[in-house]
Every structure is written in C-alpha cells, then in structure tokens.
Amino acid sequence: MRAIAERHADGVRRETVLPRVAVHFGTMMTKLAPGVYEPALCIVLQGAKQVMIGDRILRYDPASYFIATIDLPARGWVVEASPQQPYVAVSLKLDQQTLGSLLLDMPHGAEGQTAGFAVSAVTADLLDPWCRLLSLLDTPEDAPVLGPMHEREILYRLLKGPQGGVLRQIARADSRLSQVRQAIGWIRSHFDETMRVERLAELAGMSPASFHRHFKAATAMSPLQYQKTLRLQEARRLLVTNADAARTAHIVGYESASQFSREYARMFGAPPGRDIERLRSTGVDDISEAA
C-alpha cells in the first residue's frame, strides 16, 4: 500500500482519481498546522502524526487509524518523517449516502456516544479492501466499477468495528450527532456573526443544556470555543495574504482589536504581526492541513 501511495503522491496532499481518496506525503516533521478536518478516515502507512482537537491530543501511526465524523477545527503535525522514511498516509472522506445504504442491509446496532473523532486499532479486515482500492490507482480504467465496491467494504468494516456506533449516528438524521452537525453547519457559515447558544440549541432540537453537553462531547470544545477557533484560523489565512490586522479582526467578527490580538497570541503563540513575520521567514504559504 505504501509503495502504491508513494507512486501517486505529489506534494503534501494529492486528490486522486478515486472519488474522496487522497494521498498525503512528507519528508520531514512539521509544526502545528491549523485546519478544519472534514468527516474522513485516515490511515498512516509510514511515519506518525498527532492532532490537537480542543484540549485533546491524539496520535496515529501504521497501527491505528484516525476518524472524524464531523467538521472539526484542529491542528495537526507530523511527528515521524524523514527523506529516508517519509510520512505516507491515505484518507477517505466519509460518504453519508453510502453509509445510509449500508445500514439498510445490516442488522440494527447500538449507537455510540456523541463523539466526533477517535483513534482505533487497524485490522487486517480493514486493510484488505483499502489495498484493493489503492491498487486501482495503477489501473484507473477499473476505478468506476470496482472503486465503489471497495469503498463500500471499507465503510462496512468501519461499521462493524469499534467506531461503528458513531458512524451509525451520522447516517441517521435524527441522531444526536446529526443534530450537532446541523448546528456546526450554521457556525461554519456564520462564524463572523454574533452567536446565541439558545438559537443553536433550537436548530439542533435540544435544550440549551443538552445541546452544550452533546456539542462538547462531539468536538471537545464549547460552541463558543469552536467559533473562536474558526475565526482565528480564518484570520491567520487572511493575514498570510497581506491583509491588515485591524481590518482582519473586523472581518472575522471581532469588535475589539486588542481582544483579537490577545486571543490570536494565545492560540498561535505570538501576536498577529510577529506570527505572520515568522511564517513568511520560513517560507510558509499554506497554513492549512487536512488529516
């Protein structure tokens, strides 16, 4: 699998001819890179990576897989990589429609807790369809017919595994996790606006107390922390493109430039001006990173 992935790697991340499948590659360890992780499965074929979500840090390597079932503002960094043994990983975005159709053919199972991410042990049953799916990169003419079959088997193995309960939740519109996802969709579209938790709870169909509890269980953040993380990540992206700090603060929803500077420094380790100068001095032009 690693050899196939390396043959088709091109830079840090490359979308492949297989729908929803990407190859990740790097020859050195990296610093924390912020980004929004979309619902996806990531399997490391060589090296190791860590991700910080809220106040939790998870590590995944060839013995484990990382799965996100909701959109998560996070910071990831490669902790094992070298030119001799590069970091190599593959990811598959989770398709809710395929998950839903699989559940129609499977016995009813228990739903898991409202958790939006996890790391679990890789099994031979999961690697087998992954290997067959990746082999289609060498025979792309077979991908339209065989790709959906292998993807379906991968999702089936996930549903049978320790994260199956959570995956069942995202395939059901009335589950707690799906209700939290509705609120997350609103926050992502309106992160620069004033947010009322009561309004989000109403969108999710929960009481404010229940919504806050399930939201934090899913994201390891409160709704306000989630919004703040999105704001500061977008601010950093704008600043790298030569945007003015005061104007950027206003664009992402801050009324106070001093508050923006304090919260920015708390997240990225330096005030906006110094942080961006540091990024430019190291030649960084892309500050986002996916799983």
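For this structure, a couple of remarks:
Okay, residues lined up against (1) at pLDDT 95 or above; (2) buried (at least 22 other Cβ atoms within 10 Å of the Cβ); (3) in contact with a helix residue (DSSP H, G or I) (Cβ under 7 Å, 6 or more places away or on another chain):
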residue	(1), (2), (3)
LEU146	yes, no, no
GLN163	no, no, no
ARG168	no, yes, yes
ALA173	no, no, no
ARG199	no, no, no
GLY205	no, no, yes
LYS228	yes, no, yes
ARG237	no, no, no
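- Flag if SER281 is of a type outside the set (Phe, Trp, Tyr) and surrounded by 13 or more Cβ atoms within 10 Å (Cβ to Cβ): no
- Residue pairs whose Cβ atoms lie under 7 Å apart, separated by 6 or more positions or on different chains, with the first residue in the range 14-31 and free of Cβ contacts under 8 Å to residues at least 24 places away in the same chain and the second crowded, with 22+ Cβ neighbours inside 10 Å and in a strand (DSSP E or B), are ARG14/VAL23.
- Odd one out for ARG266 among (1) part of a loop (DSSP other than H, G, I, E, B); (2) surrounded by fewer than 21 Cβ atoms within 10 Å (Cβ to Cβ); (3) not hydrophobic (A, V, I, L, M, F, W, C): (1)
- Unmet criterion (only one of (1) at pLDDT below 95; (2) more than 30 Å from LYS228 (Cβ to Cβ); (3) surrounded by 23 or more Cβ atoms within 10 Å (Cβ to Cβ)) for VAL23: (1)
- Here the range 241-263 is the region considered, the condition is being in contact with a helix residue (DSSP H, G or I) (Cβ under 7 Å, 6 or more places away or on another chain) and among the hydrophobic types (A, V, I, L, M, F, W, C), and the residue that is surrounded by the fewest Cβ atoms within 10 Å (Cβ to Cβ) is ALA246.
- Residue tally, condition touching a helix residue (DSSP H, G or I) at 6+ places or on another chain (Cβ under 7 Å) and of a type in the set (Val, Ile, Thr), over the range 68-89: 3
- The listed residue being β-branched (Val, Ile, Thr) and either farther than 22 Å from VAL23 by Cα or not assigned by TED's automatic domain parsing to the domain that holds VAL17 (or both), out of ILE57, ILE67: ILE57
Residue-wise test of (1) over 30 Å from ALA217 (Cβ atoms); (2) hydrophobic (A, V, I, L, M, F, W, C).
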| site | (1), (2) |
| --- | --- |
| ALA9 | yes, yes |
| GLU15 | yes, no |
| GLY26 | yes, no |
| THR30 | no, no |
| PRO34 | no, no |
| ALA40 | no, yes |
| ILE43 | no, yes |
| GLN46 | yes, no |
| GLY54 | no, no |
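- Residue pairs whose Cβ atoms lie under 8 Å apart, sitting 6 or more positions apart in sequence or on different chains, and linking a residue in the range 227-239 that is hydroxyl-bearing (Ser, Thr, Tyr) to a partner that is in a helix (DSSP H, G or I), are THR229/MET267.
- Screening CYS42 with (1) at positive phi; (2) at pLDDT 95 or above; (3) of a type outside the set (Asp, Glu) gives one miss only, at (1).
- Residue tally, condition buried (at least 18 other Cβ atoms within 10 Å of the Cβ) and within 30 Å of THR139 (Cβ to Cβ), over the range 26-36: 1
- Within the option set ASP192, ASP174, ASP244, being in contact with a Gly (Cβ under 9 Å, 6 or more places away or on another chain) and without any contact (Cβ under 8 Å) to a residue 24 or more places away in the chain holds for one residue only, ASP174.
The values are calculated or read from the model by the stated rules, or taken from the named source; none is laboratory data. Keep in mind the model is a prediction, meaning the values are calculated, not measured. Using ideal geometry, Cβ is built from the backbone for each residue, glycine included, and neighbour counts are taken over all protein chains shown.
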